[in-house]
Amino acid sequence: MSWPTESDLQVIRAKVTEMSGRDCNEVRVVVAPYRICPLGAHIDHQGGIVSAMTINRGILLGFVPSNNSEVLIQSGQFKGEVKFRVDEDQMPGDDAKLNNGWGNYARGALYALQSRGSHLKKGIIGYICGAEGLDSSGLSSSAAVGVAYLLAFESANELIVSPAENIEYDRLIENEYLGLKNGILDQSAILLSSYGCLTCMNCKTKEYSLIHSPGMKGDCSDVSKKFKILLALSGLKQALVKNPGYNNRVVECREAAELLLRASGNPGLEPLLSNVEAEIYEEYKWKLKPNLARRAEHYFSENKRVLKGLELWGSGKLDDFGKLITASGLSSIRNYESGCEPLIQLYEILLKAPGVFGARFSGAGFRGCCIAFVDAAQAVNAADFVKEEYIQLQPTLAAQMKGQMVDGGAVTSFLLLFL
């Protein structure tokens, strides 16, 4: 299924026209897809090597440039309006920002641009909406929202900004403005992915590549005939900023890196596990406390899985590629100790479903969904099996559960201009 559909775009244009009183042909639309991370979970913040692809669902932000500095935004998911001015200074560390609700990312985008010397003159009048049922799903809807606002503000003010710069700007939104400790995986996938490709990003050097799989270099049907991506939604929804588990894991990774660097005589390096050579880790890992040892083990083993997975993907070996995804999910549970009971149960059910090559939970695993790469011919059977099994274990959450089939590497972020 192509996305966005013409119907989706018409709805967006009509809403912005109603809000602004402007002609529908003036409405611009930002398309920011959600992403999945088959391999490379939880290591981007340590400078690890990660893989990702976008899917054919995501965020749409329709807007027109304001005639002044005012910003007015409405949402398809949330009530009320967000209003501010682009000539207001946006400062991180202000507790009041957390009370701005769904407007935080718009203000954060302005903060990111201001912090790098951009002085905006024009605001936007906009309407933003996400794919139905996929907000708070662990598919990086928050990063997609941040990217969408950045592209809209840049377009309204005629700023020429590279994808690499916007990757950094979105990092500023989440790390500095909102206080999250995540890395650059999400926005990199959203801004760099291409259809049918696995995006590989070295989060330390910022170098990336797009890897085709043999037999998947043709049209869209070539990809959809081989596999589908099953999104199994758990019914759990909770914002990452409200759960300290993720940030705590990041701190533990840095503690492990600091101890290993000190033991190897390199205390001056930034305490990131990517600054620790694999040989140094093997030599000194016995010095780590059990919890720090598990975090480090996840990092080093996941890096190996990513590198092997890229090779398998490039060779078209989906069965073996899927096994690595499953192993990644198990390491997230045992070594990184993320996830929660419903997500872990869903993961285990997916592994038993017909036609599944591999599965893991998406995102930090404290809410949202699990993903699975599934033989296209067995996709419907797999979805039915998962629903039947999950409802027996989590009947309340399963009542909210949906399964969606999507295509991978479907779109990248872009701006539509209707002229």
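Structural remarks
- Using a probe radius of 1.4 angstrom, the carbon and sulfur fraction of the accessible surface of the chain is 50%.
- Of all DSSP-defined beta bridges confined to the chain, some 95% are antiparallel rather than parallel.
- Sites Glu283 and Glu341 - FRET efficiency at Förster radius 56 Å, r taken between beta-carbons, to 0.05: 0.95
- Length gained when the stretch Ser264-Asp23 is fully extended (0.36 nm per residue, less Cα-Cα span): 80.3 nm
- Ellipticity estimate at 222 nm from DSSP helix runs (n ≥ 4, -39,500 (n - 2.57)) divided over the chain, nearest 500: -12500 deg cm²/dmol
- Near Val64, once Lys and Arg are set to +1 and Asp and Glu to -1 for all other residues with Cβ below 13 Å from its Cβ, the sum equals +1.
- Remark: the range 297-365 projects, on average over all directions, an area of 4.4 nm² (convex hull of Cα atoms).
- For the chain, diffusion coefficient by Stokes-Einstein and Kirkwood Rh (Cα), 10 °C, 1.306 mPa s, µm²/s: 72 µm²/s
- Other residues lying with their Cβ under 14 Å from the Cβ of Phe153 contribute a combined charge of -1, Lys and Arg counting +1, Asp and Glu -1.
- Above-threshold pairs, the threshold being 30 Å between Cα atoms, out of Lys83/Lys228; Lys204/Lys308; Lys226/Lys304: Lys83/Lys228
- The distance linking the range 248-315 with the range 43-73 is 30 Å (Cα centroid to Cα centroid, whole angstrom).
- Around Leu312: net Lys/Arg minus Asp/Glu count, Cβ-Cβ under 11 Å: +1
- Span-like helix ranges in the chain, DSSP H, alpha carbon extent 18 angstrom or more, Kyte mean at least 1.6: none
- Convex hull of the range 29-176 built on C-alpha atoms - directionally averaged projected area, nm²: 8.9 nm²
- Accessible-area value, Cys197, 1.4 Å probe, nucleic acids and ligands omitted, Å²: 0 Å²
- For the residues Phe366, Phe84, a 1.4 Å probe over the protein chains yields an accessible-area ranking, largest first, of Phe366, Phe84.
The values are calculated or read from the model by the stated rules, or taken from the named source; none is laboratory data. What you are looking at is a predicted structure, and each value in this text was computed from that prediction instead of being measured. Every residue, glycine among them, receives a Cβ derived from its backbone with ideal geometry; neighbour counts consider all protein chains shown. The protein model used for the area step is the full one, side chains on, heavy atoms only, and it has no ligands, DNA or RNA in it. Shrake-Rupley method; radii C 1.70, N 1.55, O 1.52, S 1.80 Å.
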